[in-house]
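Asker: I am attaching a structure below and will ask some questions about it afterwards.
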Amino acid sequence: MADSRNRSGHVLVWEQADMASDEGIMPAKRFGTRHYTVFMLFLGMANAYVMRTNMSVAIVAMVNQTAIEKDSEVFDDECPDTDYGDEKDDSADGEFIWSTSMQGYILSSFFYGYVITQIPFGLLAKRYGAMRFLGWGMLINSVFAFVVPVAARQGGAGWLIAVRFIQGLGEGPIVPCTHAMLAKWIPPNERSRVGSIVYSGAQFGTVISMPLSGLLADHGFDGGWPSIFYVFGIIGTVWSIAFLFTCHEDPVSHPRIREDEKKYIQQSLWGNASVHIPPIPWTSIAKSMPFYAILLAHLGQNYGYETLMTELPTYMKQVLRFSIKTNGVLSALPYLAMWLFSIVVGWVADWMLTSGRFNHTWTRKISNSIGQYGPAIALIVASFTGCSRALTVAILTIGVGLNGGIYAGFKINHLDITPRYAGVLMAFTNCSANLAGLLAPIAAGNIIEGKPTIAQWRIVFVIAACVYLFTATFYNVFASGARQFWDDPENDEPQKPSIETPTMHSEVNGSNVGSNGTTVATLTHRNVNEQSS
């Protein structure tokens, strides 16, 4: 065993199963620098979704609902009417007369800015580092939140659309850059729970944003709705500045991280970001079935999620004659369930790995199956619940809650198959998935147009369920938790001899550290993630 763990004078640090028992490698179980980084990334994700969703609440208070001509909404008469859950408050009207279509342009403008920057920032983060793109992008997003009221009042809808588009551009780095930082900071056996915690910030931010935005719209300063953007703009600005000044790109560049924690992270990360990263192997990625498994799962997730979160409430209003959106508690329940369940699944997934009973591949597939088969079943069941309002609300909550399993499934799988290019792959899959999410309301609108019957809505739900089932099954067949050969440091082109000179470096736990504290030598290893395949 000793011979197999050494080669060319370097300790093979990729044998994760033995790491915890190596004296001096595993740091004490206390709050460390990586935990602070995770906490800040969680808050960043929450801030990002607050900025994304607060306009949907604010625009209700901004628009003069009684002054615009409303289209007659078609209702189905299969279910009896109800006198609850559909209260209307017409006591106050907003200051803008924007048509329904104009409101749609305003709400979607943020999304277009967000989508077009995914891939560019993923590539830039790989080349120049992720931390500053993330921090400065969110700072731009937050600062322009202060401009929203001014743009709306002084420039009208056109200026407001431009400002929201710029906010979307600023938020573009959030997912690919977060993924790139997780790849540099989080050891493999902590990825499930850490990834779940960080990305569950999306649900946490939504749970906080919706009721607080409503409260500010009714009782805030400067006319109510502007206070939504001022308050969250201040919070986002404070977070961005704190993130830029207290967080660092990786453990090697952090000046205050404990030495034992730095060694633990470096030695568990298959040659972390301080090691030379070669150009992106586009050809190999294009031929990689594990990559396509993640891509298909991400596409199916966004299509199914948009159906769950945007179409089921419409179904309840048109068919069941009950508006869940008017009840703040009920509207927040699905997000709360998904947030809590995703954290639980993340911890369980990491226990599965550390227990030795499951490898990375099976852990990802089991978690993802819960996250996508569960909502698929919920959609099918919801299409056969008839006129039962309470049962539909329960299914909505359970289905979205189970969806949290994806965070320990495909969502974190990029880090398993390619730690060095995880941010780039996430940029591609997230951009494609967000575009796929647009298809859900388009498909539903065409199917139910003019005839929102239970039978027509059943078609909408079954299509979404089939998308979930197909993409989840494709993932289960082709996904892998093993690091791919095209990201194997042993296959890299040799670095120039001038970079590494014996006089400038000293051997520290199997890696060469320069006089400036930067790791410059490559680490030899065995691909221990064969245990994950």
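The values are calculated or read from the model by the stated rules, or taken from the named source; none is laboratory data. Just so we're clear, the structure is a prediction, and the values are computed from it rather than from any experiment. So basically every Cβ, Gly included, is an ideal-geometry build from the backbone, and we count neighbours across all protein chains shown. SASA here: full protein model, heavy atoms, side chains in, ligands and nucleic acids out. Shrake-Rupley method; radii C 1.70, N 1.55, O 1.52, S 1.80 Å.
Asker: Can you tell me which residues in the stretch 343-388 are closer than 22 Å to VAL460 by Cα and small (Gly, Ala, Ser)?
Answerer: Within the stretch 343-388, SER369, GLY371, GLY374, ALA376, ALA378, ALA382, SER383, GLY386, SER388 qualify.
Asker: Hey, among the residues in the stretch 216-264 that are small (Gly, Ala, Ser) and assigned to a helix (DSSP H, G or I), which one's farthest from LEU43 (Cα to Cα)?
Answerer: Ranking the candidates gives ALA217 first.
Asker: Same structure again: I'm checking my understanding of the structure. Among residues of the stretch 156-177 that are touching a residue at least 60 places away in the same chain (Cβ under 8 Å) and under 15 Å from GLY423 (Cβ atoms), which one is farthest from the chain's Cα centre (by Cα)?
Answerer: That would be CYS177.
Asker: As an exercise: evaluate GLU190 against (1) in contact with a helix residue (DSSP H, G or I) (Cβ under 7 Å, 6 or more places away or on another chain); (2) within 23 Å of PHE232 (Cβ to Cβ) and give the number of the one condition it does not meet.
Answerer: (2)
Asker: Ok, one more. Name the single residue that is modelled with the highest pLDDT among those in the stretch 312-330 being of a type outside the set (A, V, I, L, M) and open to solvent by less than 20 Å² (accessible area, probe 1.4 Å).
Answerer: The qualifying residue modelled with the highest pLDDT is TYR315.
Asker: Let me ask another. Can you name the residue in the stretch 374-394 that is out of contact with any Ser or Thr (no Cβ under 9 Å at 6 or more places or on another chain) and open to solvent by 60 Å² or more (accessible area, probe 1.4 Å) and is also farthest from GLY304 (Cα to Cα) among such residues?
Answerer: ALA390
Asker: What is the number of the single condition among (1) open to solvent by less than 20 Å² (accessible area, probe 1.4 Å); (2) at pLDDT below 90; (3) closer than 20 Å to VAL60 by Cβ that LEU107 does not meet?
Answerer: (1)
Asker: Just to be sure, is ILE406 open to solvent by less than 10 Å² (accessible area, probe 1.4 Å), among the hydrophobic types (A, V, I, L, M, F, W, C) and more than 30 Å from TRP457 (Cβ to Cβ)?
Answerer: It is false that ILE406 is open to solvent by less than 10 Å² (accessible area, probe 1.4 Å), among the hydrophobic types (A, V, I, L, M, F, W, C) and more than 30 Å from TRP457 (Cβ to Cβ).
Asker: So how many residues does the stretch 157-186 have that are among the polar types (S, T, N, Q) and closer than 14 Å to TYR112 by Cα?
Answerer: Residues flagged as among the polar types (S, T, N, Q) and closer than 14 Å to TYR112 by Cα within the stretch 157-186 amount to 1.
Asker: Restricting the search to the stretch 285-301, which residues are closer than 12 Å to ASN413 by Cα and open to solvent by 40 Å² or more (accessible area, probe 1.4 Å)?
Answerer: If the condition is that a residue be closer than 12 Å to ASN413 by Cα and open to solvent by 40 Å² or more (accessible area, probe 1.4 Å), then TYR292 is the only one that fits.
Asker: Also, quick follow-up: The conditions are (1) open to solvent by less than 40 Å² (accessible area, probe 1.4 Å); (2) out of contact with any Gly (no Cβ under 8 Å at 6 or more places or on another chain), and VAL424 fails exactly one of them. Which is it?
Answerer: (2)
Asker: Specify which of the listed residues (ILE208, ILE277, ILE257, ILE235) is among the aliphatic types (A, V, I, L, M), modelled with pLDDT under 90, under 30 Å from ASP93 (Cβ atoms) and out of contact with any strand residue (DSSP E or B) (no Cβ under 7 Å at 6 or more places or on another chain).
Answerer: Just a single option satisfies the conditions, and that option is ILE208.
Asker: Which residue, of PHE204, PHE221, PHE229, is among the aromatic types (Phe, Trp, Tyr), over 30 Å from TRP351 (Cβ atoms) and open to solvent by 10 Å² or more (accessible area, probe 1.4 Å)?
Answerer: Residue meeting the stated conditions: PHE221.
Conditions tested, residue by residue: (1) over 22 Å from ARG127 (Cα atoms); (2) hydroxyl-bearing (Ser, Thr, Tyr); (3) in contact with a Ser or Thr (Cβ under 8 Å, 6 or more places away or on another chain); (4) modelled with pLDDT under 90.
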site: THR418; (1), (2), (3), (4): no, yes, no, yes
site: ALA422; (1), (2), (3), (4): no, no, no, yes
site: CYS431; (1), (2), (3), (4): no, no, no, yes
site: ASN434; (1), (2), (3), (4): yes, no, no, yes
site: ALA440; (1), (2), (3), (4): yes, no, yes, yes
site: ILE447; (1), (2), (3), (4): yes, no, no, yes
site: THR453; (1), (2), (3), (4): yes, yes, no, yes
site: TRP457; (1), (2), (3), (4): yes, no, yes, yes
site: VAL460; (1), (2), (3), (4): yes, no, yes, yes
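Asker: If I ask for residues that are outside any loop (DSSP other than H, G, I, E, B) and crowded, with 22+ Cβ neighbours inside 10 Å, which ones from the stretch 186-196 would you list?
Answerer: Once the filter is applied, which keeps residues that are outside any loop (DSSP other than H, G, I, E, B) and crowded, with 22+ Cβ neighbours inside 10 Å, the stretch 186-196 yields PRO188, ARG191, SER192, ARG193, VAL194, GLY195, SER196.
Asker: Here's a follow-up. Can you tell me which residue is modelled with the highest pLDDT among those in the stretch 239-251 that are buried (at least 22 other Cβ atoms within 10 Å of the Cβ) and within 23 Å of VAL424 (Cβ to Cβ)?
Answerer: The extreme case among them is PHE243.
Asker: So, one more: Scan the stretch 346-395 for residues that are hydroxyl-bearing (Ser, Thr, Tyr) and within 24 Å of the chain's Cα centre (by Cα) and report the count.
Answerer: Residues that pass the stated criteria total 5.
Asker: Regarding THR361, is this residue farther than 30 Å from CYS79 by Cα, open to solvent by less than 60 Å² (accessible area, probe 1.4 Å) and not small (Gly, Ala, Ser)?
Answerer: Taking the combined requirement at face value, the residue satisfies it.
Asker: When the stretch 361-387 is examined, which residues are found to be touching a residue at least 60 places away in the same chain (Cβ under 8 Å) and among the polar types (S, T, N, Q)?
Answerer: Across the stretch 361-387, the qualifying residues are THR361, THR363, SER367, ASN368, SER369, GLN372, SER383.
Asker: Only one of THR237, THR246 is β-branched (Val, Ile, Thr) and over 13 Å from THR37 (Cα atoms); which?
Answerer: Exactly one of THR237, THR246 is β-branched (Val, Ile, Thr) and over 13 Å from THR37 (Cα atoms), namely THR237.
Asker: How many residues does the stretch 167-221 hold that are acidic (Asp, Glu) and touching a Gly at 6+ places or on another chain (Cβ under 7 Å)?
Answerer: Of the residues in the stretch 167-221, 2 are acidic (Asp, Glu) and touching a Gly at 6+ places or on another chain (Cβ under 7 Å).
Asker: In this structure, is ILE294 among the aliphatic types (A, V, I, L, M) and at pLDDT 90 or above?
Answerer: Yes.
Asker: Tally time: how many residues in the stretch 121-143 are open to solvent by 10 Å² or more (accessible area, probe 1.4 Å) and free of Cβ contacts under 8 Å to residues at least 60 places away in the same chain?
Answerer: Going through the stretch 121-143 one residue at a time, the tally reaches 5.
Asker: On to the next question. Which number in (1) under 21 Å from MET131 (Cβ atoms); (2) surrounded by 24 or more Cβ atoms within 10 Å (Cβ to Cβ) marks the one condition that GLY168 misses?
Answerer: (2)
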